[in-house]
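Engineer: Below is one structure. I have some questions about it.
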Amino acid sequence: MKFFFKYSPVFIALFIIHYNNNSSSNGSYRDSIQIDDYSVKIDSLLQTTSPRSFNGVILITQKGKIKYSKAYGYSNFEDKIPITTDDNFRIQSNSKQITAVLILKEVENGKIDLTSPIRKYLPEIKQKWADIVTVHQLLNMSSGIVDFDKPLIFKPGTDFKYSNLAYGLLGRILANVTGKKYTEIANSLFKEIKMNNSFCYQIARKDNNVINGYINSKGKFSLLEFKKLGMTTKSWNDFIPAGGIISNINDLNIWDTKLHNGKILKSQSYELMTTYNITGQHDAFGNKKIGYGYGIRIDDNESVKVIGHAGRGLGFTSIKFYIPKTDVNVIVLENVYNQDESIVYHFEKKIRELVMNSSLIK
C-alpha cells in the first residue's frame, strides 16, 4: 500500500544537521530552532506495517498551538484518494462524551435530576429496572443493563459494564425532556460552538459527508458498506447517542479545548463529568482499571492525569485524550477497523505511550 507522508525521518534528521552545522558560535541561531522528542518517533511508527498498517490522521495540540498534525494513507482505497486532516470520520463511542454533555446541560437547565430513576423520564418503558436505574448510572456505565428485554446483571451502582443501550436511553431522555429529537439537540450544540463539520449521521439523508470505512482482515482491506448492515431508522436513532456522530480532528480539537476550559459546561457540571466512583479496563488505555465518569475515562493512577475516550466499529477506530497538567490534547482517527481485536488499538496505544514519555508532559 502506498502512503502519503509530509516529512520523512531522514528529511527531519538532515534538517537538524543542516541547522546545527550552520548555527552561530553563540548558539542563538540553533536555539531558535525548536526540536521536539516525539515527532520523529511518531513519523517512524506510522511507517511500520507490523502487526498492521496505520491509515488515518493525528492531531496534537498544546495550549491551543498545533504541535503535530499528520494525514497518512487513503480515504478511498479503490481510487487511491489521499486522506486529509479535513476529512470526516465516524467517531463511534467518542459520541458518548457529547451525549453526556447534552444531559448535563439539561441538568443545568433544571430538566433532569441525575439521581432520579429513569422511569421519571421514560414512562413508556415497561421493564421493572426503570424504577431503580438512575440517570447517573446510565452515564457512568454502572446500570447493569445489557439487553432491553433481560434482567440487570448486577445491582445498579455496584459494578461496571459498558453499555451502548444505556446511552441510547439517554438519547431518549433528552428527546422527552426537551421535546426535540436528539439529532436536533446535538447538531444545535455543534453549530453554537462552531464545530461546522460535525453532525449526527442520519440514514435517510443524502448529504452525510463521511469518508469510507474499511475492514482489515489479515492485511486485506474491504469496504464496509453501511447500507448493507440492515439498520432501521429506529435502531439507528437509538444508536446515534452511543456511536453515530461524524466529526474530524479539527472539530474534535475545538470540542476538547472548549470542554476542558469551561466553555461548554459550568464548572460544577464538568466536575461531575470528570469524577468517578466506578472503574473499568479498556485496551486503548492500558491493562489496568481506570475511572469512568460521564462518557469519559479518567486515568489518575500515575503522576500525570489523562482524560479521554476511544471508539471503534463500522470501519473506524479512534482515541482522543487530554492531559490537564500541560494542556495537551491528542486525537487519532482511523478509517480502518481490524478484525483481529488484539491489534484494533495498536497505533492508538503506541501514540499515547510516546506522548506520555515526551516533553509534552514535562
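Engineer: Sum -39500 (n - 2.57) across every DSSP H segment of at least 4 residues in the chain, then divide by the residue count to get the 222 nm mean residue ellipticity, nearest 500.
Structural biologist: Working: 11 runs with 110 residues, N = 362.
Dividing the helical sum by the residues of the chain leaves -9000 deg cm²/dmol.
Engineer: Counting alpha carbon pairs within less than 8 Å and at least 6 residues apart, what relative contact order, in whole percent, applies to segment 154-221? Intermediate values should be presented prior to the final figure.
Structural biologist: On the way: 21 pairs, mean separation 9.5, N = 68.
Here the relative contact order equals 14 percent.
Engineer: Check K67: other-chain or 5+ apart residues with amide H under 5 Å from its amide H, H built from backbone geometry?
Structural biologist: I60, T61, Q62
Engineer: Can you pull out the GluC sites (Glu not before Pro) in segment 71-130 whose DSSP state is coil and whose Cβ has at most 13 other Cβ atoms within 10 Å?
Structural biologist: Values: sites: E78, E106, E108, E124; in loops: E78, E124.
Loop-located and lightly packed - E78, E124.
Engineer: For the cross-link pairs K63/K320; K70/K350; K128/K180, which exceed 22 Å when the distance is taken from alpha carbon to alpha carbon?
Structural biologist: Those over the limit are K128/K180.
Engineer: If I model a spin label as a point 7 Å beyond the Cα along the Cα-Cβ vector, how far apart are those points for K218 and N357 in nm?
Structural biologist: Between K218 and N357, the label points sit 3.3 nm apart.
Engineer: Also, I was wondering about something else. Based on Cβ point charges of +1 for Lys and Arg and -1 for Asp and Glu, what charge dipole magnitude is obtained for segment 237-354 about its Cα centre, in debye rounded to the nearest 20?
Structural biologist: My answer is approximately 300 debye.
Engineer: Charges on Cβ only, +1 for Lys and Arg, -1 for Asp and Glu, centred on the Cα centroid of the chain; of V336, S69, S50, which one is farthest towards the dipole's positive end?
Structural biologist: V336
Engineer: Quick check: the angle from helix 95-108's long axis to the longest principal axis of the chain, C-alpha only, nearest 10 degrees?
Structural biologist: 60
Engineer: I'd like the orientation of helix 182-192 relative to the chain: the angle between its Cα long axis and the longest Cα principal axis, in ° from 0 to 90, rounded to 10.
Structural biologist: 40
Engineer: Moving on to the next point. With angles folded into 0 to 90 degrees, how steeply does helix 233-243 sit against the dominant principal axis of the chain? Use alpha carbons for both and round to 10.
Structural biologist: The angle comes out at about 50 degrees.
Engineer: Measuring with a 1.4 Å probe in the full set of protein chains, what accessible area per residue, in whole Å², belongs to the chain?
Structural biologist: Per residue, the chain has an accessible area of 47 Å².
Engineer: Indicate the gyration tensor shape class of segment 162-214 (rounded, prolate or oblate), computed on the Cα atoms with a ≥ b ≥ c the square roots of the eigenvalues: a/c under 1.5 is rounded; otherwise a/b larger than b/c is prolate and the rest oblate.
Structural biologist: oblate
Engineer: Here is a follow-up. D36 to K288: FRET efficiency via 1/(1 + (r/R0)^6), r the Cβ-Cβ distance, R0 25 Å, to the nearest 0.05? Don't skip to the answer; put the middle values down first.
Structural biologist: Numbers: r = 28 Å, r/R0 = 1.11.
The computed FRET efficiency comes out at 0.35.
Engineer: Quick one: putting +1 on the C-beta of Lys and Arg, -1 on the C-beta of Asp and Glu, what dipole do you get for the chain around its Cα centre, in Debye to the nearest 20?
Structural biologist: Working: 47 positive and 34 negative charges, 64 e Å.
Here the size comes out at about 300 debye.
Engineer: List the aspartates and glutamates whose Cα sits under 18 Å from the Cα of K266, skipping any in the same chain fewer than 8 residues away.
Structural biologist: Answer for K266, where 18 Å is the Cα cut-off: E106, E108, D113, E192, D256, listed by chain and number.
Engineer: By the gyration tensor of its Cα atoms, with a ≥ b ≥ c the square roots of the eigenvalues, what is the shape of segment 243-362: rounded for a/c under 1.5, prolate for a/b over b/c, or oblate? Can you show the working numbers first?
Structural biologist: On the way: a/c = 1.42, a/b = 1.27, b/c = 1.12.
Since a/c stays below 1.5, the shape of segment 243-362 is classed as rounded.
Engineer: Once label points are set 7 Å from the Cα along Cα→Cβ at both L229 and Q268, what is their separation, rounded to one decimal in nm?
Structural biologist: 3.8
Engineer: Just grab the label-to-label distance for D113 and F154, each label 7 Å out from Cα along the Cβ direction, in nm (one decimal).
Structural biologist: 2.7
Engineer: Carbon-plus-sulfur fraction of the accessible area of the chain, 1.4 Å probe, in percent?
Structural biologist: Carbon with sulfur: 50 percent of the solvent-accessible area.
Engineer: Here is a follow-up. Can you list which of the trypsin sites (Lys or Arg not before Pro) found in segment 156-188 are DSSP loop residues with at most 16 other C-beta atoms within 10 Å?
Structural biologist: Details: sites: K161, R172, K180, K181; in loops: K161, K180, K181.
Listed in order of number, the matching sites are K161, K180, K181.
The values are calculated or read from the model by the stated rules, or taken from the named source; none is laboratory data. Since the structure is predicted, the reported quantities are computational estimates derived from the model, not experimental observations. Virtual Cβ from ideal backbone geometry, glycine too; neighbours counted across all protein chains shown. Just the protein is used for accessible areas: all its heavy atoms, side chains included, with ligands, DNA and RNA removed. Shrake-Rupley method; radii C 1.70, N 1.55, O 1.52, S 1.80 Å.
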